[in-house]
Amino acid sequence: MRYRPPSIIQHLNALQAEHGWLRHDDLVALARELGVPLHRIEGVASFYPHYRRTPPAAHRLDVCRDLACAMRGGADNLAQLRAGAAAHEAATGERVEVCEVSCLGRCDQAPAVLVGHDPHSGAPAALAALRRPHPHDDHLEVAARSYRVDPYARPGERYATVRALAAGGAPTAEALLAELKEAGLRGMGGAGFPTALKWRTVRDAAGDEKFVVCNADESEPGTFKDRELLASLPHLVWEGMMLGAVVVGARRAIVYLRHEYELERRALAREQEVAARIAAELDVELEIFVSPGGYIMGEETALLEALEDRRGEPRNKPPYPGIAGLFGQPTLINNVETLTMATAIAARGAAWWKAQGVRGCAGLKFVSVSGDVVRPGVHEVATGTTIAELVALAGGVPDGAAVQAVMPGGASTAFLAADKLETPLDFEHLRRAGSSLGSGAVVVVAEGRDMLELGANVTRFFRNESCGKCVPCRVGTEKAVVLLDEWLAGHAPEDTPELLRQLDRTLGQTSICGLGQVALLPVVSILDRLPPTRPLRRS
């Protein structure tokens, strides 16, 4: 196989799964086995947060500390877990680690806790899992749901579209590109880049080999829609990857999946057994690559670095992955939802797709809803559905409270005040309203919440998840957190709002990747639209 060096990360994942940690002697042996210097193994192992270098406790509880969980009693949940862990240790002698971690992608189950790989909602459920003889719940599975976007009424009909494409039937590769362009499909991971243009770029690029990569590393607070698609519609994800492979001329298709999504990995792997038989007919190889962690891995070039067995630090662009991606070859990278929608458009056509929208918008949209709503979860809605209508679908705000603000596209988008609730969920409408559709994650904030606390929480997330490669992001996010913590403590200088705005401008202009460029956008939107009432110290 060309362009596949020894997979350091996959070997490290296996060692961690076997022993619970990475032992030095095992790394020395791995370096010899793979024929690479030990420092290269150590460099990879030291970067990713999933890897540990000390023996594990009998049990580990990963506790989300980010936005949705903080809003749902995260601090009290953490205290209960620590007390329960201490009681468990005293009763059994088994050591329990309670670790605060970044967003687990379980915002609909806030406050979310992982016991091993198994997700639980709240301290009582997590502590009960500790008391079971086998705390890793192999019986936990995701209940698949049916959605309008699925063009197949019965399992036996699946993959018919890619089979027809490969056989030279309808649609042809050029016809499919035309349908994607006519449909106006844009990337659903946050950037909103036109899908047809991305596929065309890779198709036309010259390379010894080409690749298709599905970015399934959604790790941004409030964002969990791709998790639902992996569980309920994995056949559409695999087919979208195969359609992309046939169109661009790739022979390998890789799902890059965050390690916290173990239940979803199982669903994807089960469907892979079926999809691989079709892929073999197309001379395409399918692979699931499990990420060793880190929000930055959702950035497409950092993801490529991991696939090449390096530290996941973003690359300078250009060149873009469509021209020089994985191993320097043309690479098509789309997120889970984009590939799902591409399959639906290929099967039903652009006219069907455009007819699904409302208020002059086209298509369907999967949206994660969390925060102050009665029923957080994933909703499939017509593009153009208003924010207010979405909140109603989620059961409204608890106790009939009013909405104070909404973050419409995940933690990297600007907050909107309640006067924007009638804004349609669409790229252009939200842009004109002063925010973005982003990753399709709506976080609802009820009247009475301290917006400065929420802004500080999001800023801490970006500070914690900065890879540290570029100075503006590494230093600027830390400085912003210091300023916000001082403000929350009641002793920030009077010029703090302007200092935060200056930092935002600096990071936006000088950071290498999107993390630093948007890290202060949410808190600055609060300063501009929902001014905090907390006092500042006069100089």
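The values are calculated or read from the model by the stated rules, or taken from the named source; none is laboratory data. For clarity, every value in this text was computed on a predicted model and none was experimentally measured. For neighbour counting, all protein chains shown are included, and Cβ atoms are generated from backbone atoms with ideal geometry for every residue, glycine included. The accessibility values were calculated without ligands, DNA or RNA, using every heavy atom of the protein model including side chains. Shrake-Rupley method; radii C 1.70, N 1.55, O 1.52, S 1.80 Å.
Working note: Debye formula, equal point scatterers on the alpha-carbon atoms of the stretch 286-354, no solvent; log10 I(q)/I(0) at q = 0.27 Å⁻¹ is -1.20. Under the classification rounded if a/c is under 1.5, otherwise prolate if a/b is larger than b/c and oblate if not, where does the stretch 211-344 fall, given a ≥ b ≥ c as square roots of the Cα gyration tensor eigenvalues? Oblate is the answer for the stretch 211-344, as a/c is 1.5 or above yet b/c matches or exceeds a/b. Charge tally around Gly184: other residues with Cβ under 14 Å, Lys/Arg +1 each, Asp/Glu -1 each, net +1. The mean sequence separation of alpha-carbon pairs under 8 Å and at least six residues apart, normalised by the residue count of the chain, gives a relative contact order of 13 percent.
The number of Lys pairs in the chain with C-alpha atoms less than 21 Å apart, excluding pairs fewer than 8 positions apart on the same chain, is 13. Each residue of the stretch 394-405 was assigned a 3J(HN,Hα) from its phi angle through the Karplus expression (A = 6.51, B = -1.76, C = 1.60, θ = phi - 60°), giving 8, x, x, 7, x, 6, x, 5, 7, 7, 8, 7 Hz with x at Gly and Pro.
Would the stretch 1-160 count as rounded, prolate or oblate if I go by the C-alpha gyration tensor, calling it rounded below 1.5 in a/c and otherwise prolate when a/b exceeds b/c, oblate otherwise? It would help to have the intermediate numbers written out before the result.
On the way: a/c = 2.05, a/b = 1.09, b/c = 1.87.
Since a/c reaches 1.5 but b/c is at least a/b, the shape of the stretch 1-160 is classed as oblate.
Take the chain with all the other protein chains still there, run a 1.4 Å probe, and you get 39 Å² of accessible area per residue. Sparsely packed loop sites in the stretch 488-539 (the trypsin sites (Lys or Arg not before Pro) outside DSSP H, G, I, E and B with at most 14 other Cβ atoms within 10 Å) comprise Arg538. Looking at the chain alone, DSSP beta bridges between its own residues are antiparallel in about 40 percent of cases. Given their separation in residues at 0.36 nm each and the Cα-Cα distance between them, Arg95 and Val475 gain 133.2 nm when the chain is fully extended. An ellipsoid equivalent to the stretch 385-503, defined through the eigenvalues of its Cα gyration tensor, has semi-axes of 28, 18, 12 Å when rounded to whole angstrom and sorted largest first. Each Lys or Arg adds one and each Asp or Glu takes one away; over the other residues whose Cβ falls under 13 Å from the Cβ of Glu209, this sums to +2.
Solvent-accessible area assigned to carbon and sulfur over the chain amounts to 52 percent, based on a 1.4 Å probe. The protection proxy used here, the mean number of other Cβ atoms lying within 10 Å of each residue, ranks peptides 229-238, 16-25, 187-196 as follows, highest first: 229-238, 187-196, 16-25. When the helices of the chain are scored as -39500 (n - 2.57) per DSSP H run of n ≥ 4 and the total is divided over every residue, the value at 222 nm lands at -13500 deg cm²/dmol. Close amide H partners of Val98, meaning residues 5 or more places away or on another chain with modelled amide H under 5 Å apart, are Leu61. Here, the stretch 480-533 has an Rg and a Dmax of 11.3, 34 Å when only alpha carbons are counted.
When Rg and Dmax are taken over the Cα atoms of the chain, they come to 23.1, 74 Å. Counted residue by residue at 0.36 nm each, then reduced by the alpha carbon distance between them, the extension gain from Glu273 to Glu498 reaches 75.4 nm.
Over all Cα atoms in the stretch 306-399, the spread is summed up by Rg and Dmax: 18.6, 55 Å. For Asp528, the shell of other residues with beta-carbons less than 11 Å away shows a net charge of +1, using +1 for Lys and Arg and -1 for Asp and Glu. With semi-axes defined as the square roots of five times the eigenvalues of the C-alpha gyration tensor, the equivalent ellipsoid of the stretch 439-539 measures 21, 17, 11 Å, largest first.
Rounded, prolate or oblate: which one fits the stretch 258-302, using the alpha carbon gyration tensor with axes a ≥ b ≥ c (rounded when a/c is under 1.5, else prolate when a/b beats b/c, else oblate)?
Since a/c reaches 1.5 but b/c is at least a/b, the shape of the stretch 258-302 is classed as oblate.
Of the peptides 160-170, 438-448, 509-519, the order by per-residue mean of other Cβ atoms within 10 Å, starting with the highest, comes out as 438-448, 509-519, 160-170. Database remark: amide H of Ile333 closer than 5 angstrom to the amide H of Val213 (H placed geometrically; neighbours at sequence offset of 5 or more, or on other chains; Pro and chain starts carry no H). Taking 10 °C and 1.306 mPa s as conditions, the stretch 1-61 diffuses translationally at an estimated 130 µm²/s according to Stokes-Einstein applied to its Kirkwood radius (Cα pairs).
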